[in-house]
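Engineer: For reference, the structure I am asking about is given below.
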Amino acid sequence: MNTQEYIEIEELYGAHNYLPIDVVIERGEGVWVYDVEGKKYLDCLSAYSALNQGHVHPKILAALIKQAGKVTLTSRAFRNDQLPLLYKELFDLTGYEMSLLMNSGAEAVETALKLARKWGYEIKRIPRNQAEIIVCAGNFHGRTITEISFSSEPLYRDDFGPFTPGFISVPYGAPEAINKAITQNTAAVLVEPIQGEGGVIVPPAGYLKKVSEICRANHVLLIADEIQTGLGRTGKLFAAQYENVRPDITIIGKALAGGFYPVSAVLADKPLLGLFLPGEHGSTFGGNPLAAATARAALGVIVEEKLIERAAEMGEYFIEQLTEIPSPHVKEVRGKGLLIGVELKKSAGGARRFCEALVMKGILAKETHVDTIRFAPPLVIDKATIDWALPSIREVLNVK
């Protein structure tokens, strides 16, 4: 079958809740993917940062295959031999005393919200069912009913109400707005250190530090959604570390299993995660042995191959080179590490056409928030590969 035939079948039988670039990928290796006709592409999206370790990393693949031949699922009705080791390795890597494993990022966000509410009632003594959580405009934390309830994107909200109450939205990048919104019923502030889906929006320097100080002064939890920014993507283990901030709760996912398996986690210390009692929260698949073994290998690759350091070095170079491209369409280049956004002027006619032009050059990127091209290749990328891509990017950014 050829590309068009696959697309026709998908359009006929699949729900139309995505608008993908019309490339049908058959296989991948490292930073490269190949379509069903054998054409080679540089992956500059990394499945929204789920593939920090690259496609089909051999060490992670071997761990998954080995565990799949032993036992894949026990449910949490019983213990398994992989999850305790993952708990310990997450502690060693992140410093958080406890973790709670889920599957998708959206599930992990929901878990963190439940935890914050329980802390609010049991520890802060907020009146029952009155807890408030402050969020930021432009956020993306998932697409569950609760998560779209505090989205500021009409597309995510229209026709999906009624919405979950208890969320207060303030402008992103404005700590004084958070301070003003806090009441006696505020349990937590939920924030992305960099808004990825929002257009790779980097807040002003010192923003997260100030938010952390405000939370501490007001007996409010700080929750950092590092699902996309964490595990090395921005050149630090967590993006919050750029401001020496240690949130009370950190949410991770995506690259936690290297793109092989959906694994997410909520990280916190014992006084917080210890609040959950048996039966209050769970997941049939959360923390299953296949997921845990795969995540252990994925974390090992990040450390052993120094992917955090590589992201910092390659990201600095990539951003520098993109910034120097003379283009009548580019408004701004921004980002940290290998999470990079090229925002185009309104006159450019949207980022989609530029992404489609990049496909013809063998580069896969994706528009976000209409006017921004996101460049986020796997962290295993090297300088020679970036140099290979730059002439094509320059050419595309100068099309009429």
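The values are calculated or read from the model by the stated rules, or taken from the named source; none is laboratory data. On a predicted model such as this, the values are computed, not experimentally measured, just so you know. Here Cβ is always computed from backbone atoms with ideal geometry, including for glycine, and neighbour counts include all displayed protein chains.
Engineer: Please go through (1) buried (at least 22 other Cβ atoms within 10 Å of the Cβ); (2) touching a Ser or Thr at 6+ places or on another chain (Cβ under 6 Å) for Ala389 and return the number of the only condition it doesn't satisfy.
Structural biologist: (2)
Engineer: Another question about this same structure. Of the numbered conditions (1) part of a helix (DSSP H, G or I); (2) more than 23 Å from Leu272 (Cα to Cα), Ser152 satisfies every one except a single condition; which is it?
Structural biologist: Answer for Ser152: the failing condition is (1).
Engineer: State whether one or more residues within region 340-351 are crowded, with 19+ Cβ neighbours inside 10 Å, touching a Lys or Arg at 6+ places or on another chain (Cβ under 7 Å) and either assigned to a helix (DSSP H, G or I) or charged (D, E, K, R) (or both).
Structural biologist: The answer is yes, given that some residue of region 340-351 is crowded, with 19+ Cβ neighbours inside 10 Å, touching a Lys or Arg at 6+ places or on another chain (Cβ under 7 Å) and either assigned to a helix (DSSP H, G or I) or charged (D, E, K, R) (or both).
Engineer: Which numbered condition trips up Ala112, out of (1) surrounded by fewer than 21 Cβ atoms within 10 Å (Cβ to Cβ); (2) under 23 Å from the mean Cα position of the chain (by Cα); (3) in contact (Cβ under 8 Å) with a residue 40 or more places away in the chain; (4) over 28 Å from Met314 (Cβ atoms)?
Structural biologist: (1)
Engineer: Collect the residues in region 323-339 that are within 19 Å of Ile194 (Cα to Cα) and either crowded, with 18+ Cβ neighbours inside 10 Å or in the same structural domain as Ala239 (by TED's automatic domain parsing) (or both), keeping them in residue-number order.
Structural biologist: Listed by number, the residues that qualify are Val333, Arg334, Gly335, Lys336, Gly337, Leu338, Leu339.
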